[in-house]
Protein chains: 2
Amino acid sequence: MGYSNNKIIVDFEPISRRVQLSPEKTFYEILLDTGIKIQSLCGGQGTCGKCTMKIQKGNQFLNPPTNSEKKSIDRKKLEDGWRLACQAKLDEMKKAQIEKKNAPHIRVFLSEELLVEDFKILTHGISKQVNFSPAIHKIYLEAQEPSLVHNKADFERIIHALLKKYPVLSKNEIPSIELDLLKNLNDQIRRNNHKLTLTFLDNKHIIDIEGGNTEESNFGIAFDIGTTTIVGYLMNLNNGKIYATASKLNPQTAYGEDLITRISFIKEKIDGLKKLHNSVLSAVNQIISKTCKIAGIKKSNIYEATIVGNSVMHHIFLGLNPVNIGLSPYVPVVKHGINVKAQNIGLDLGKNSNVYVLPTVAGFVGADTMGVILASQIDMEDNLTLALDIGTNGELVIGNKDILITGSCAAGSALEGAHIKYGMR
Amino acid sequence: MGYSNNKIIVDFEPISRRVQLSPEKTFYEILLDTGIKIQSLCGGQGTCGKCTMKIQKGNQFLNPPTNSEKKSIDRKKLEDGWRLACQAKLDEMKKAQIEKKNAPHIRVFLSEELLVEDFKILTHGISKQVNFSPAIHKIYLEAQEPSLVHNKADFERIIHALLKKYPVLSKNEIPSIELDLLKNLNDQIRRNNHKLTLTFLDNKHIIDIEGGNTEESNFGIAFDIGTTTIVGYLMNLNNGKIYATASKLNPQTAYGEDLITRISFIKEKIDGLKKLHNSVLSAVNQIISKTCKIAGIKKSNIYEATIVGNSVMHHIFLGLNPVNIGLSPYVPVVKHGINVKAQNIGLDLGKNSNVYVLPTVAGFVGADTMGVILASQIDMEDNLTLALDIGTNGELVIGNKDILITGSCAAGSALEGAHIKYGMR
């Protein structure tokens with residue numbers, strides 16, 4: 001549907017649904033007419049306060065907040081354009097004023113909580129066989145009790161038991177250990193009769209110690225942080241099986257649907273980066289909780305998270321400033337893969353769990369494309385092959401075992417049916 | 001001076017000075033008579049509140065706190081036995097009672113702040129030539145500005161400049177970098193016209209980035225944490241020269257002069273370990289401040305601290321529980337060397353600076369003995385050689401390049417002149 005000069009258009013975001021405004025109707029009625037299901041306990045009576053939405057454009061042409069709205073929305077949020085769908089409508093007095101404009105237009109943001117229907121994204125498909133070699137291993141050990149003859153230190157008795165179980169390890173490969181694990185060790189080793197399970201990262205660093213045999217509880221989680229959607233896959237690291245999958249709308253959509261708008265937000269607001277960073281972290285942590293609940297496991301038994309996303313999502317997740325990705329010559333801060341402790345970035349996993357963020361390729365070809373290459377194994381093909389990743393941003397990789405060429409463009413609005421009624425979502 | 005049945009003895013700690021109590025005199029007068037100089041602005045009038053001391057034994061035989069004391073010492077501390085030296089004296093009414101006891105005895109702890117004379121420890125001597133190979137190196141680089149042709153990421157342009165300056169490095173040895181340094185990098189690299197100085201740990205990990213050329217400012221600090229005294233040596237890591245030395249009384253002496261008393265304190269008090277840990281950290285941080293002031297350098301330019309100490313000091317510094325060192329079969333929690341980030345243990349250095357705590361040998365032969373072996377190079381001698389480290393605790397190492405045997409015993413009270421008037425301190 002194109003713009004028609006005097007017809008008022010409403011865009012509902014982030015679901016990209018465009019309708020024509022019926023001037024006498026509230027937004028609640030317009031949403032119902034359009035078939036978009038939203039939260040409302042009172043059925044549009046203005047009493048439950050559930051149907052909040054944010055007017056991102058055109059708020060000045062709407063009726064002033066009603067008493068119902070003043071009761072259920074605080075003043076600061078009202079000033080920011082938050083309204084109740086069942087109360088807000090076009091102000092009769094300002095109709096002529098908005099109609100005089102070229103392409104009159106109102107933009108409404110519906111929060112994920114408001115939308116009744118689950119936000120859907122493809123989370124399964126056909127997969128190629130890949131080598132399963134996780135960075136995490138758990139090993140159960142029974143250490144010797146100390147005596148006047150065998151009076152090694154607690155940690156050294158554990159290492160002794162490890163070398164006895166794996167004689168292939170040499171004394172030069174003694175793993176390092178997190179200091180916080182040692183703080184508890186003198187009590188823990190005695191309370192558990194010297195029977196402990198150690199968790200190793202890269203076979204050389206001890207990141208967890210538990211009492212008894214917990215080798216079974218060994219999990220990792222992989223995230224694809226998209227511009228619009230975040231998906232998490234909880235995997236058992238002993239057998240490679242997916243135990244749970246969960247997805248969420250990327251809450252950054254509230255600050256702008258496309259990457260350039262979000263970069264502008266970061267450039268213009270002093271705490272812009274912090275806001276976007278915290279919002280993606282909180283969504284990722286919600287997915288962690290959800291997958292743990294589905295699989296019935298403890299968060300502390302997730303020892304590694306791997307993260308992919310386009311360069312801007314990658315930077316914001318890590319708290320890096322992406323502004324130069326949006327300016328010629330479009331350079332990111334870093335391309336290399338990054339390892340960081342879960343507790344240092346604020347991920348709700350085991351305290352010393354590792355978070356590995358895959359390397360990116362270029363300014364607008366991110367770690368998600370690296371994931372595409374790894375999963376499709378296009379870099380091992382003999383024939384010239386094309387891999388496509390079409391999301392809100394689209395990337396392509398063309399090549400084979402000899403050379404790979406990548407490119408990217410905005411894809412969501414072209415291919416996901418933005419602003420048409422029967423689009424893909 | 002031995003115990004005489006009806007004479008009342010006073011021990012002033014931590015200076016190990018024993019005198020006979022003059023029942024009619026205040027402790028201030030007794031201290032003056034003994035020649036121990038203490039802080040007092042008002043000259044014993046009870047008005048300045050400076051001459052605080054803690055009665056560790058025998059407080060019940062002293063006069064009740066005077067009004068002066070109630071004004072200058074809070075109630076909690078009064079209950080813990082803190083008094084003003086100029087107000088406290090033997091209670092006439094209780095004289096008979098204390099004299100009836102076998103070996104009547106009062107123990108007084110004088111805080112370091114109270115003692116006017118500087119606490120002295122040997123901080124210099126004759127040293128053997130040792131190989132100088134610090135773990136820290138600083139490298140100044142001029143990176144390329146980005147362009148549409150050379151649009152590498154910021155960090156990758158830095159690595160490019162590094163590989164150009166040191167072609168011997170291969171691409172497989174690309175150093176890792178702390179995430180917090182990347183957070184600032186996009187702004188820092190442009191503000192400094194792409195001229196930066198990188199600080200490397202072990203040639204493979206970047207722990208600091210500064211604008212411009214700061215290769216000159218490259219420091220490390222070494223600590224010997226003794227039972228009674230802590231000494232710090234600030235060293236220039238470019239040339240191995242000592243720029244400043246400072247020492248302090250170990251504030252743990254307030255909780256007990258010997259190791260066994262401190263272990264008991266940890267066993268008996270819920271927050272005992274935390275108190276002792278915090279007190280040694282605070283002293284170490286004061287020495288850092290002092291040496292930086294002497295040398296006129298910034299704390300953030302100290303990139304590594306190395307720590308030695310006996311096993312109990314080693315454990316308490318790291319926040320590890322030393323109780324099992326005090327119980328048969330006397331096993332520590334860990335013997336291996338430990339690396340930990342300065343910010344993770346609370347040392348006031350550069351945020352990512354490394355703290356290396358040397359390995360210990362056994363329950364009562366600590367990392368300080370490892371330091372003795374390294375510095376004396378007794379492990380390279382052809383002839384049977386004896387190394388002695390006589391402090392509050394004494395350790396010896398006997399051996400040569402083929403074998404080393406160590407042992408330890410309490411030494412301070414025997415060799416440092418405890419309880420004699422003209423002792424070594």
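The values are calculated or read from the model by the stated rules, or taken from the named source; none is laboratory data. Since the model is a prediction, treat every value here as computed from it, not as a measurement. Please note: Cβ atoms are built from the backbone with ideal geometry, for glycine as well, and neighbour counts cover all protein chains shown.
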For this session: Hey, can you tell me all the residues within segment B:256-266 that are under 17 Å from B:L320 (Cβ atoms) and buried (at least 19 other Cβ atoms within 10 Å of the Cβ)?
Result: B:L259, B:R262, B:I263, B:I266
Problem set entry | Within segment A:189-225, considering residues that are of a type in the set (A, V, I, L, M, F, W, C) and touching a Ser or Thr at 6+ places or on another chain (Cβ under 6 Å), the one farthest from the other protein chains (Cβ to nearest Cβ) | A:A222
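Report yes if B:D74 is free of Cβ contacts under 8 Å to residues at least 12 places away in the same chain and closer than 30 Å to B:T227 by Cβ, otherwise no.
So B:D74 passes the test.
Just checking, how many residues over segment A:179-207 are closer than 27 Å to A:I294 by Cβ and either surrounded by fewer than 21 Cβ atoms within 10 Å (Cβ to Cβ) or under 25 Å from the mean Cα position of the chain (by Cα) (or both)?
First, pick out the residues of segment A:179-207 that are closer than 27 Å to A:I294 by Cβ: A:197, A:199-201, A:207.
Then keep just the ones that are either surrounded by fewer than 21 Cβ atoms within 10 Å (Cβ to Cβ) or under 25 Å from the mean Cα position of the chain (by Cα) (or both); that gives A:197, A:200-201, A:207.
Total satisfying the criteria: 4.
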Exercise. Residue check, A:A96 against (1) assigned to a loop (DSSP other than H, G, I, E, B); (2) surrounded by fewer than 17 Cβ atoms within 10 Å (Cβ to Cβ); (3) at pLDDT below 90, all met but one. Which one?
Worked result: (1)
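Condition check ((1) at the interface with another protein chain (Cβ under 8 Å from one of its Cβ atoms); (2) closer than 27 Å to A:K341 by Cβ; (3) in contact (Cβ under 8 Å) with a residue 40 or more places away in the chain; (4) not in a helix (DSSP H, G or I)) across all residues:
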| position | (1), (2), (3), (4) |
| --- | --- |
| B:I158 | no, yes, yes, no |
| B:A161 | no, no, no, no |
| B:K164 | no, no, no, no |
| B:P167 | no, no, no, yes |
| B:N172 | no, yes, no, no |
| B:D180 | no, yes, yes, no |
| B:D187 | yes, yes, no, no |
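Residue check: is B:P359 within 14 Å of another protein chain (Cβ to nearest Cβ), outside any helix (DSSP H, G or I), out of contact with any Lys or Arg (no Cβ under 6 Å at 6 or more places or on another chain) and not basic (K, R)?
On the way: within 14 Å of another protein chain (Cβ to nearest Cβ): yes; outside any helix (DSSP H, G or I): yes; out of contact with any Lys or Arg (no Cβ under 6 Å at 6 or more places or on another chain): no; not basic (K, R): yes.
No.
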For this session: Mind listing whichever residues of segment A:297-315 are surrounded by fewer than 23 Cβ atoms within 10 Å (Cβ to Cβ) and either of a type in the set (S, T, Y) or at pLDDT below 95 (or both)?
Result: A:S300, A:T306
Exercise. Hey, does segment B:99-106 have a residue that's among the basic types (K, R), more than 14 Å from chain A (Cβ to nearest Cβ) and under 36 Å from the mean Cα position of the chain (by Cα)?
Worked result: no
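Can you name every residue in segment A:21-51 that is β-branched (V, I, T) and crowded, with 21+ Cβ neighbours inside 10 Å? Give the derivation first.
Taking segment A:21-51 as the starting set, the residues that turn out to be β-branched (V, I, T) are A:26, A:30, A:34, A:36, A:38, A:47.
Within segment A:21-51, A:T26, A:I38 qualify.
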Exercise. Could you list, in sequence order, the residues of segment A:318-365 that are free of Cβ contacts under 8 Å to residues at least 60 places away in the same chain and closer than 21 Å to A:N218 by Cβ?
Worked result: A:N339, A:V340, A:K341, A:A342, A:Q343, A:V355
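Which of the helices (runs of 4 or more DSSP H) contained wholly in segment B:251-346 include at least 1 residues that are under 15 Å from the mean Cα position of the chain (by Cα), closer than 23 Å to B:G391 by Cα and within 14 Å of chain A (Cβ to nearest Cβ)?
Working: elements: B:259-268, B:272-295, B:311-318, B:342-345.
Ranges flagged: B:272-295, B:311-318.
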Problem set entry | A:A367 in the same structural domain as A:V308 (by TED's automatic domain parsing) and in contact with a Leu (Cβ under 7 Å, 6 or more places away or on another chain) | yes
Exercise. Residues in segment A:267-288: is at least one surrounded by 20 or more Cβ atoms within 10 Å (Cβ to Cβ) and touching a Ser or Thr at 6+ places or on another chain (Cβ under 7 Å)?
Worked result: no
Problem set entry | Yes/no for A:L179 being aliphatic (A, V, I, L, M) and more than 22 Å from A:K351 (Cα to Cα) | no
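Per-residue answers, yes or no, for (1) in a loop (DSSP other than H, G, I, E, B); (2) in the same structural domain as B:N250 (by TED's automatic domain parsing); (3) at pLDDT 80 or above; (4) loosely packed, with under 13 Cβ neighbours inside 10 Å:
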residue	(1), (2), (3), (4)
B:M1	yes, no, no, yes
B:I15	yes, no, no, no
B:V19	no, no, yes, no
B:M53	no, no, yes, no
B:P64	yes, no, yes, yes
B:K76	no, no, yes, yes
B:R83	no, no, yes, no
For this session: Scan segment A:124-147 for residues that are in a loop (DSSP other than H, G, I, E, B) and away from chain B (no Cβ under 14 Å) and jot them down.
Result: A:H124, A:G125, A:I126, A:S127, A:K128, A:Q129, A:V130, A:N131, A:F132, A:S133, A:P134, A:A135
